[in-house]
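The values are calculated or read from the model by the stated rules, or taken from the named source; none is laboratory data. Here the structure is a predicted model, which means the values were calculated and not measured. Glycine gets a Cβ as well: all are built from the backbone with ideal geometry, and neighbour counts include every protein chain shown.
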Amino acid sequence: MQELNKAFLMAMKNSEKKARTCMFHKCNNIAIKSHVLQKNGILREISTNNHLIEQCPPNPFELKNKGILDFKLIGINDVYTFMGFCKFHDSEIFKPIEVNTNLNFNRKIQQTLFSYRGLCQEIRRKEIASEWIKEIYDLSPIGLKHQYDVMLVGYKIGIWSLKYFKNEFEKAIITHDYCNFHFETITIPNIEMCISVPLTIGELDIPADNSFETWKKKQNRPLTTSFINIFPKGEESIVIVGYHKGFICKWTMDLLLRLKNGTRNEVFKELSDLITMRLEFWAMSESLFKKISSDDISLLKDFFRNNVYNHSPNIKTEINLFKYL
Ligand SMILES: [Zn+2]
C-alpha cells in the first residue's frame, strides 16, 4: 500500500508539472494557469489576506487523518485555477467577463463565457483524474483495478459528453450566435462562495463490460448537462444557470425556481446541497468556511464517500453546511 501511495503522490505531482495545451478550439499553444472566475473583482473581494478555501483531493498519506476530502487555504494566484488556455486566449476570449466596466450578467455572451470556462475546468479535471488512475493502475491490487476500470470508463463518458457542449459553446463564441443556449441570471442573498461547473444529473449507466464503445452505441448522444455559475458581486450573489436547447434539464429548472422563490435559509440550503451532493470544485471565503461546524464537515465526507457515483436526481441529505449563517 505504501508503494501505491507513493506512486499516487508522484502521479499528482507529475500532473501539476505537466505542460498542457490550450483548450480553445484547435489551439495548440501551451496553457497557462487560468482562474475559473475573475481573480480581481470576484475572488479577491472575498479573500482574507489574499487567500480562499478550496476543496482538494487529499495527499494519499493523509487519507487516514483527513479522510476522503481535504480543504486548503490557497493564495489568490493559485486558488480556483486550472491549466486552461494559452496566454492569448485566456485574455482575449474572456475580456467581456474580465473587464469590470462591461459587466452585465444578463447578456448571452457573458453567460456563455462563464459557463464555457467552468465547463473547460471540469473537462481538464476529469482528464487529470484519469491520468492519475492510469499511472497507478499496474501497481494496484486486482480489487482496486476493477474499481478503476469503472472510474476510467465513467471519466471517458463524462469527457466525451462534456466535449460536445464545449464544441457547441465554441461555435457560439466564434460566430457570436448564441441561439442554441438558454440562460437565466438571478440574484440571491450574498454568500462568499464561488461555483462554476457543468452539472450532469441522472444515472450513469456504465455497461457490464466496462466498455466506452458499448455505452456509446447504446447511448448515442451526450448526457444532459446544465451550467451553473454562482459568485458574490457587491451586496448580492449572482446565479447564472443555462443549458443547451437540445438538452433541457428539468432538475436544473426546478433548482432555479427554488433559488428564485426560496427564503434566505432555503436558498443557502440549496447551495449546501450543491456542494454536498453535486460538485467537487468550489471556492469560499475563510470566514464562511469557519462557520461550517466540524460535525457537518465529517458528515460531508461520509456522504461523499458513500455517494461518489450517485448522480440521481432524487438523492437527498439532511446536512446543511450553512445553517449557522
Ligand atoms: Zn490558445
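Okay, residues lined up against (1) over 30 Å from Ser287 (Cα atoms); (2) surrounded by fewer than 16 Cβ atoms within 10 Å (Cβ to Cβ); (3) β-branched (Val, Ile, Thr); (4) touching a Ser or Thr at 6+ places or on another chain (Cβ under 9 Å):
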residue	(1), (2), (3), (4)
Leu152	yes, no, no, yes
Tyr155	yes, no, no, yes
Gly158	yes, no, no, yes
Leu162	yes, no, no, yes
Asn167	yes, yes, no, no
Glu170	yes, no, no, no
Ile191	no, no, yes, yes
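Residue under question is Ile248, and the condition is that it be in contact with a strand residue (DSSP E or B) (Cβ under 9 Å, 6 or more places away or on another chain), surrounded by fewer than 18 Cβ atoms within 10 Å (Cβ to Cβ), farther than 26 Å from Thr112 by Cβ and aliphatic (A, V, I, L, M); does it hold?
Considered against the rule, which asks whether it is in contact with a strand residue (DSSP E or B) (Cβ under 9 Å, 6 or more places away or on another chain), surrounded by fewer than 18 Cβ atoms within 10 Å (Cβ to Cβ), farther than 26 Å from Thr112 by Cβ and aliphatic (A, V, I, L, M), Ile248 comes out as no.
Given the residues Ser294, Ser272, which is the only one that is touching a residue at least 24 places away in the same chain (Cβ under 8 Å) and hydroxyl-bearing (Ser, Thr, Tyr)?
One residue alone meets the criteria, Ser272.
Are any of the residues in the stretch 29-38 surrounded by fewer than 18 Cβ atoms within 10 Å (Cβ to Cβ), of a type in the set (Ser, Thr, Tyr) and within 16 Å of the ligand (Cβ to nearest atom)? Before the answer, list the steps.
From the stretch 29-38, those surrounded by fewer than 18 Cβ atoms within 10 Å (Cβ to Cβ) are 29-30, 32-33; that's our starting set.
Still in the running and of a type in the set (Ser, Thr, Tyr): none.
No, because not a single residue in the stretch 29-38 is surrounded by fewer than 18 Cβ atoms within 10 Å (Cβ to Cβ), of a type in the set (Ser, Thr, Tyr) and within 16 Å of the ligand (Cβ to nearest atom).
Listed here are the residues, each with its yes/no results for (1) at pLDDT 95 or above; (2) under 21 Å from Leu300 (Cβ atoms); (3) more than 19 Å from the chain's Cα centre (by Cα).
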residue: Ser226; (1), (2), (3): yes, no, no
residue: Pro232; (1), (2), (3): yes, no, no
residue: Glu236; (1), (2), (3): yes, no, yes
residue: Val241; (1), (2), (3): yes, no, no
residue: Lys245; (1), (2), (3): yes, no, yes
residue: Arg258; (1), (2), (3): yes, yes, yes
residue: Phe268; (1), (2), (3): yes, yes, no
residue: Ser272; (1), (2), (3): yes, yes, no
residue: Arg278; (1), (2), (3): no, yes, no
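What tally of residues in the stretch 96-124 results from selecting those that are surrounded by fewer than 17 Cβ atoms within 10 Å (Cβ to Cβ) and either at pLDDT below 95 or closer than 30 Å to Met151 by Cβ (or both)?
Residues meeting the conditions: 7.
Just to be sure, is Ala208 surrounded by fewer than 21 Cβ atoms within 10 Å (Cβ to Cβ), of a type in the set (Gly, Ala, Ser) and closer than 27 Å to Ile42 by Cβ? Outline the logic, then answer.
Details: surrounded by fewer than 21 Cβ atoms within 10 Å (Cβ to Cβ): yes; of a type in the set (Gly, Ala, Ser): yes; closer than 27 Å to Ile42 by Cβ: no.
Answer is no for this residue.
Restricting attention to the stretch 146-164, does a residue exist that is more than 16 Å from the ligand (Cβ to nearest atom), basic (Lys, Arg) and at negative phi? Before the answer, list the steps.
Taking the stretch 146-164 first, the residues more than 16 Å from the ligand (Cβ to nearest atom) are 146-164.
Among the residues that remain, those that are also basic (Lys, Arg) are: 156, 163.
Now restrict to residues that are at negative phi: 156, 163.
Looking through the stretch 146-164, at least one residue is more than 16 Å from the ligand (Cβ to nearest atom), basic (Lys, Arg) and at negative phi.
Within the set of pairs 6 or more residues apart or between chains, which connect a residue that is in contact (Cβ under 8 Å) with a residue 40 or more places away in the chain and more than 11 Å from Met1 (Cα to Cα) inside the stretch 134-147 to a residue that is surrounded by 12 or more Cβ atoms within 10 Å (Cβ to Cβ) and of a type in the set (Gly, Ala, Ser) with Cβ atoms less than 8 Å apart?
The qualifying pairs are Glu135/Ala7; Glu135/Ala11; Ile136/Ala7; Ile136/Ala11.
Answer yes if at least one residue in the stretch 282-291 is in contact with a helix residue (DSSP H, G or I) (Cβ under 7 Å, 6 or more places away or on another chain), surrounded by 13 or more Cβ atoms within 10 Å (Cβ to Cβ) and in a helix (DSSP H, G or I), and no otherwise.
no
Can you name the residue in the stretch 252-264 that is surrounded by fewer than 15 Cβ atoms within 10 Å (Cβ to Cβ) and in contact (Cβ under 8 Å) with a residue 40 or more places away in the chain and, of all such residues, is nearest to Thr225 (Cα to Cα)?
Per the stated criteria, the residue is Lys260.
Residues to consider are Ile186, Ile173, Ile142; find the one that is of a type in the set (A, V, I, L, M) and modelled with pLDDT under 95.
Ile142
I want to confirm something. Restricting to the stretch 59-95 and keeping residues that are part of a loop (DSSP other than H, G, I, E, B) and buried (at least 19 other Cβ atoms within 10 Å of the Cβ), which single residue is nearest to the ligand (Cβ to nearest atom)?
Among residues in the stretch 59-95 that are part of a loop (DSSP other than H, G, I, E, B) and buried (at least 19 other Cβ atoms within 10 Å of the Cβ), the one nearest to the ligand (Cβ to nearest atom) is Cys86.
Within the stretch 12-28, which residues are near the ligand (Cβ under 9 Å from one of its atoms) and under 19 Å from the mean Cα position of the chain (by Cα)?
Passing the criteria: Cys22, Met23, Phe24.
Do we have Asn49 as polar (S, T, N, Q) and either under 30 Å from Leu4 (Cα atoms) or touching a residue at least 12 places away in the same chain (Cβ under 8 Å) (or both) here?
Against the criterion (polar (S, T, N, Q) and either under 30 Å from Leu4 (Cα atoms) or touching a residue at least 12 places away in the same chain (Cβ under 8 Å) (or both)), Asn49 does not qualify.
Considering only residues that are surrounded by fewer than 18 Cβ atoms within 10 Å (Cβ to Cβ) and in contact with a Phe, Trp or Tyr (Cβ under 7 Å, 6 or more places away or on another chain), which ones fall in the stretch 13-28?
Within the stretch 13-28, just Ser15 meets the criteria.
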